[in-house]
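Working notes, beginning with the structure itself.
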Amino acid sequence: MEVTVTTQQHTTDPFYNGAKEIKEAYMRLYGFDYQKACCSKNDFDFKKLD
């Protein structure tokens, strides 16, 4: 599964605010609950898009 998110602040780490945007994107696209699955930053690969 892959999502593209836009963060509210310019940052290199999309997990800086508790992964709010990531949680919302996975729920909206896949119905996947990030918190119930006990996911952490280490479970994901991410890259910054310019």
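The values are calculated or read from the model by the stated rules, or taken from the named source; none is laboratory data. Keep in mind that what you see is a predicted model, and the values were worked out from it rather than measured. Every residue, glycine among them, receives a Cβ derived from its backbone with ideal geometry; neighbour counts consider all protein chains shown.
Among the residues making up the stretch 1-24, those that are surrounded by 13 or more Cβ atoms within 10 Å (Cβ to Cβ) and charged (D, E, K, R) are LYS20, GLU21, LYS23, GLU24.
Within the stretch 20-27, not a single residue is of a type in the set (Val, Ile, Thr) and part of a loop (DSSP other than H, G, I, E, B).
Contact map, the stretch 27-50: first residue at negative phi, second residue in a loop (DSSP other than H, G, I, E, B) and exposed (fewer than 10 other Cβ atoms within 10 Å of the Cβ), Cβ cut-off under 8 Å, separation 6 or more or different chains; pairs are LEU29/MET1; TYR30/MET1; PHE32/MET1; LYS48/THR12; LEU49/THR4. With respect to being modelled with pLDDT of 90 or more, over 11 Å from the mean Cα position of the chain (by Cα) and not hydrophobic (A, V, I, L, M, F, W, C), TYR26 falls outside the description.
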